[in-house]
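The values are calculated or read from the model by the stated rules, or taken from the named source; none is laboratory data. Quick caveat: nothing in here was measured; it's all calculated off a predicted structure. Here the Cβ positions follow ideal geometry from the backbone for every residue, glycine too, while neighbour counts run over all protein chains shown. Areas reflect the complete protein model, heavy atoms only, side chains present, ligands, DNA and RNA absent. Shrake-Rupley method; radii C 1.70, N 1.55, O 1.52, S 1.80 Å.
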Amino acid sequence: ILWSFDQKISSVTYLYTERGLSIFSGLSNLVSPEVLIITSLVFASILTISKKKKWAIFLLITMSISMLSVILLKELFAIARPDLSLISEPGWGFPSGHTTAVAVFFFSILFALEETVRDFRLVFLWGFISFVFVFAIGFSRVYLGVHWFSDVVAGFALGVFWVTLVALIYEKIHELQTTHS
């Protein structure tokens, strides 16, 4: 059933236009896992300088562990990418590294904002931007034909899983620290 659904969804590549190719490949390049890893290092540096080391570590842990899990899962499942792609993309397709990286990056920052910023509007705005970016990247990967829909859903779920797990661990550590103080 999932394979059939993936086949139907991947027909979005038939909507191909030069402009769409330009927009979606540019978007994919802008927030590639490599770019987001470097951006995370920059953000972590800024957070450390701003005396928010806890959130710098949070971002680096979630990004590192999620990218390692993407590499391991790609090798474990060894699911090929779609045959008809608009751009060249090496390696296995499942799960989508782009979708995982963008979900982890944006949702890690969202969690940190929720914990530190008292302005609900700012947190809501970042949450909205986060979901738009994650959706746009997921769509772009299917549009470009380099991922199946299930690859993108798995990447999203993996990103949310790691942010949630690390956030729960962080909260538990904070709870233990406050009860032992």
When R141 is evaluated against the numbered criteria (1) touching a residue at least 60 places away in the same chain (Cβ under 8 Å); (2) more than 29 Å from L73 (Cβ to Cβ), which criterion, by number, is the only one it fails?
(2)
If you scan segment 24-41, which residues turn out to be open to solvent by 80 Å² or more (accessible area, probe 1.4 Å) and in contact (Cβ under 8 Å) with a residue 60 or more places away in the chain?
none
If you go through segment 113-128 one residue at a time, do you hit one that is open to solvent by 70 Å² or more (accessible area, probe 1.4 Å), within 22 Å of V42 (Cβ to Cβ), touching a helix residue (DSSP H, G or I) at 6+ places or on another chain (Cβ under 9 Å) and not hydrophobic (A, V, I, L, M, F, W, C)?
yes
Matching residues in segment 94-132 - criterion: being at pLDDT below 95 and assigned to a loop (DSSP other than H, G, I, E, B)
V117, R118, D119
Could you say which residue among V132, V102, V146, V142 is of a type in the set (A, V, I, L, M), open to solvent by 60 Å² or more (accessible area, probe 1.4 Å) and within 28 Å of E18 (Cα to Cα)?
V132
For segment 39-78, enumerate the residues that are at pLDDT below 95 and not in a helix (DSSP H, G or I).
S50, K51, K52
Residues to consider are S130, S85; find the one that is in contact (Cβ under 8 Å) with a residue 60 or more places away in the chain and of a type in the set (G, A, S).
S85
Within segment 42-71, the residues that are surrounded by 14 or more Cβ atoms within 10 Å (Cβ to Cβ) and not aliphatic (A, V, I, L, M) are F43, T48, K52, K54, W55, F58, T62, S64, S66, S69
A167 passes all but one of (1) under 14 Å from the mean Cα position of the chain (by Cα); (2) of a type in the set (A, V, I, L, M, F, W, C); (3) farther than 20 Å from E75 by Cα; which number fails?
(1)
Assess whether L86 counts as being part of a helix (DSSP H, G or I), open to solvent by less than 70 Å² (accessible area, probe 1.4 Å), in contact with a Leu (Cβ under 8 Å, 6 or more places away or on another chain) and under 26 Å from I23 (Cβ atoms).
no
Flag for L168 being among the aliphatic types (A, V, I, L, M) and either at pLDDT 95 or above or surrounded by 15 or more Cβ atoms within 10 Å (Cβ to Cβ) (or both)
yes
